[in-house]
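Student: Take a look at the following structure, please.
The values are calculated or read from the model by the stated rules, or taken from the named source; none is laboratory data. Since this is a predicted model, take the numbers as computed values, not measurements. A quick note on method: Cβ atoms are made from the backbone with ideal geometry, for glycine too, and the neighbour counts reach across all protein chains shown. Please note that ligands, DNA and RNA were not included when accessible areas were found on the heavy atoms of the full protein model with its side chains. Shrake-Rupley method; radii C 1.70, N 1.55, O 1.52, S 1.80 Å.
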Amino acid sequence: MVIEIPELFDPAEVREVRAALEAAEWSDGRATAGHQAARVKDNEQLALDLPLARELADRVLARLARTPLFIAAALPARVLPPRFSRYAGKGQYGAHVDNAIFPLPGTGEHVRSDISATLFLSDPAGYDGGELVIEDMFGTHSAKPAAGHLIVYPGSSLHRVTPVTRGVRYAAFFWVQSFVASAEQRRLLFDLDGAIQSVATDHPEHTSIDTLTQVYHNLLRQWSQT
């Protein structure tokens, strides 16, 4: 499923992050791409060992941990520290699928990329192109949301970033290993969770809330991998 999470960062926070990115030193993005992806990748990235990259990544991770919609959609077991990209001058990233496994820096452990995520950090009116185009079992989705909004989508999907023909597109991107590996099962749990929240809001004393909550947790217990 493709889900937009609005205002992970508010406009003032986005301006602060973007100011830091605008003053940063950037490297060729192909250095971090796999063999196939490097052939279609034309962007810049912050080096992973830069103090600024680590500082901003920690800031994103802390916000994700306090964002209920992200937690409900991703059911995150592990999140790879976010990376930061810059697209300009017709920079693009052609159709590709993300690596299935990423090393978790400094731990000797790994993250399975059940979910990919892109945090947009540029105002869409400030650049032309730069749409995130995702192809999954439900069709083709194109996303170019407001700065500060997060798009989460299946890590197994074929996706691309269209050429940026005017302005600059800044973004953060990362991968999530979910407690529930199956995208279909995650979708069912997400929909059920949303239905429980709606009933609890509209009819807080309804007797079905406990039963629905029991079903949710028993499905999560059955499908989760820890």
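Student: Taking only DSSP H segments of four or more residues, each worth -39500 (n - 2.57), what value at 222 nm results for the chain once the sum is divided by all its residues, to the nearest 500 deg cm²/dmol? Could you put the intermediate results ahead of the total?
Tutor: Values: 6 runs with 73 residues, N = 226.
That comes out to -10000 deg cm²/dmol.
Student: Let me ask something else. Run the 1.4 Å probe and let me know the accessible area of residue 140, rounded to the nearest 10 Å².
Tutor: Accessible area, nearest 10 Å²: 100 Å².
Student: Arranged from highest to lowest average of other beta-carbon atoms within 10 Å per residue, in what order do the peptides 14-26, 122-134 appear? The partial results should precede the final answer.
Tutor: Numbers: 14-26: 15.1, 122-134: 17.7.
So the order, starting with the most tightly packed, is 122-134, 14-26.
Student: Additional query: Consider just the alpha-carbon atoms of segment 1-65 and return their Rg together with their Dmax, both in angstrom.
Tutor: Both quantities, over Cα of segment 1-65: 14.1, 38 Å.
Student: Here's a follow-up. State the Cα centre-to-centre distance between segment 155-185 and segment 1-76 in whole Å.
Tutor: The two parts, judged by their Cα centres, are 11 Å apart.
Student: Tell me, rounded to the nearest percent, the portion of alpha carbon pairs in the chain spaced more than 33 Å apart. Don't skip to the end; give the middle numbers.
Tutor: Values: 4498 of 25425 pairs.
Summing the P(r) of the chain above 33 Å gives 18 percent of all pairs.
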